[in-house]
1. Take the residues in segment 126-148 that are touching a strand residue (DSSP E or B) at 6+ places or on another chain (Cβ under 6 Å) and free of Cβ contacts under 8 Å to residues at least 40 places away in the same chain, then tell me which one is farthest from residue 92 (Cα to Cα).
2. Just give me the residues in segment 172-216 being free of Cβ contacts under 8 Å to residues at least 60 places away in the same chain, surrounded by fewer than 21 Cβ atoms within 10 Å (Cβ to Cβ) and not in a loop (DSSP other than H, G, I, E, B), in sequence order.
3. Could you figure out which of (1) over 21 Å from residue 79 (Cβ atoms); (2) out of contact with any strand residue (DSSP E or B) (no Cβ under 6 Å at 6 or more places or on another chain); (3) in a loop (DSSP other than H, G, I, E, B) isn't true of residue 152?
4. Report whether or not residue 176 is touching a helix residue (DSSP H, G or I) at 6+ places or on another chain (Cβ under 6 Å) and within 21 Å of residue 225 (Cα to Cα).
5. Among the residues of segment 233-254, how many are part of a helix (DSSP H, G or I), touching a helix residue (DSSP H, G or I) at 6+ places or on another chain (Cβ under 6 Å) and under 30 Å from residue 155 (Cα atoms)?
6. Sort out which residues of segment 255-276 are in a loop (DSSP other than H, G, I, E, B), surrounded by fewer than 17 Cβ atoms within 10 Å (Cβ to Cβ) and free of Cβ contacts under 8 Å to residues at least 12 places away in the same chain, and write them in order of number.
7. All but one of (1) touching a residue at least 40 places away in the same chain (Cβ under 8 Å); (2) surrounded by 18 or more Cβ atoms within 10 Å (Cβ to Cβ) hold for residue 289; state the number of the condition that does not hold.
8. Which of the residues spanning segment 118-146 are within 24 Å of the chain's Cα centre (by Cα), part of a helix (DSSP H, G or I) and exposed (fewer than 15 other Cβ atoms within 10 Å of the Cβ)?
C-alpha cells in the first residue's frame, strides 16, 4: 500500500470526532489556501469541469479498510415518507454518532414537514431548524416540530427525511478542485477532511443542500451513511433508531437486503432527477412539491 492509500486508510478508520482534532498548522494552512486560492481555484475548477476527460476533477484514492471489500457492495438508501412521524430521533442519533454541532444550523440529516391547508395548492414547508420550531423546543439543541397548525384546517401533511443522496454522478465530486470529495465503488460519496481546503464549491454544487461548512474543522461536512458503521456490518445510526422503519438501508447487490426488497415492493423515485446526478436515495410517499 502506497503512502497515499495508507493515509486514506487511517482517515476512514478513525472515529467521527477524530477529524475535529486538526493541528493549528493544518487550520492555518487551510485559511491561507482559501485566501490565495479563491480566484485560482475558481479557474481550476472550471477548467476541470471543461476538460477533455469527461469533466472530472481529480479524485482521491479509494480507501483500503481492513476486512472490507468495497467492490462487493452497492449501498443504497430508502425513505418511506408515509411512515415518518417527525419524531426527529434520526436527527439526534446522527448528531450524537457523528459528533455534529448541537445547534440548529449544522445537520447531516434533517426532516422537513409539508402541510397543505384547505383551499391552498402550495405546501407550507418547515424543518427542525425553523425559528418557530426552535422556540417551541426552547433550545437549539432540542429538535421538535411546533404544533403551529392545531387551529388550522389541514388537508394533507407528511414528513420527509433528507440527507446526502450519494449520487452516481455527484456534482460535488466534479467541482472539487483538490480531490477531497470522492466516490467509492460501493456507492458512497465521502470527504477526506485532511485534504479539504474549505472552498465550498461542493456546497454550491449540491442540488440537495446536503453539505455544510464545519467551522471547527474548517472543512465541508455531510452525511456519509455512517460509513464507519456500514463497513463493519452495522446500520447507519439514523436507520437503527427509526421507530417506524421509515428509513431503509442496504446492499443492492444482495437481493434479500432491506433496500432490495423496498425497491422491489414499491414504486420508488428520486428527488430532482433532472439534475443528472442520479441519486441513490429512493423515496415513496411524497408528492411533486418535494425536491
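None of the figures in this text is laboratory data; all of them are computed from the coordinates on show. Quick caveat, the model's predicted, so the values are computed rather than measured. Please note: Cβ atoms are built from the backbone with ideal geometry, for glycine as well, and neighbour counts cover all protein chains shown.
1. Looking at the filtered set, the residue picked out is 126.
2. Residues satisfying the conditions are 203, 204, 205, 213.
3. Every condition holds for residue 152 apart from (2).
4. yes
5. Final tally of qualifying residues: 2.
6. 255, 256
7. (2)
8. Scanning segment 118-146 gives a single hit, 131.
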